[in-house]
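Undergrad: Next up is a structure, given as structure tokens.
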Amino acid sequence: MMDCVICKTGELKQGEATVTLQRGETTVIIKGVPAQVCDNCGEYYLDEDMSARVLELAEVAVHKGVEVEILRWAA
């Protein structure tokens, strides 16, 4: 089990996070993303594969010219 690098006291547990990404005029919010979440401060950590998938979704929104997009995670 890994400790949180932000608060230093919490343990990371499997959970879900709301990820907000911003580039230029585009903001993408993705709810329910599988992540390791600190049980103390709520900071979340995505693994490499999940990060790549989240960034891919954001890239699509940027290319569509979206200003704000809110998505629910779908596996």
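The values are calculated or read from the model by the stated rules, or taken from the named source; none is laboratory data. Treat the numbers as computed from the prediction; the structure is a model and nothing was measured. Ideal geometry is used to build each Cβ from the backbone, glycine not excepted, and the neighbour counts take in all protein chains shown. SASA here: full protein model, heavy atoms, side chains in, ligands and nucleic acids out. Shrake-Rupley method; radii C 1.70, N 1.55, O 1.52, S 1.80 Å.
Undergrad: For region 20-31, does any single residue satisfy the condition of being open to solvent by 90 Å² or more (accessible area, probe 1.4 Å) and not acidic (Asp, Glu)?
TA: Checking region 20-31: at least one residue is open to solvent by 90 Å² or more (accessible area, probe 1.4 Å) and not acidic (Asp, Glu).
Undergrad: From the list 11, 56, 16, 48, exactly one residue is touching a Pro at 6+ places or on another chain (Cβ under 9 Å) and open to solvent by 70 Å² or more (accessible area, probe 1.4 Å). Which is it?
TA: 16
Undergrad: Ok, one more. Looking at (1) without any contact (Cβ under 8 Å) to a residue 24 or more places away in the chain; (2) farther than 25 Å from residue 2 by Cβ; (3) surrounded by 12 or more Cβ atoms within 10 Å (Cβ to Cβ), can you tell me which one residue 69 breaks?
TA: It is condition (1) that residue 69 fails.
Undergrad: Just need a number here: residues in region 21-40 that are free of Cβ contacts under 8 Å to residues at least 40 places away in the same chain and out of contact with any Phe, Trp or Tyr (no Cβ under 8 Å at 6 or more places or on another chain).
TA: So the count comes out to 6.
Undergrad: Looking at region 1-20, I want the residues that are in contact (Cβ under 8 Å) with a residue 24 or more places away in the chain and closer than 19 Å to residue 50 by Cα and have a partner that is open to solvent by 80 Å² or more (accessible area, probe 1.4 Å) and among the charged types (D, E, K, R) with Cβ atoms under 6 Å, at least 6 apart or on another chain. Which pairs are those?
TA: If the second residue must be open to solvent by 80 Å² or more (accessible area, probe 1.4 Å) and among the charged types (D, E, K, R), the pairs left are 13/39.
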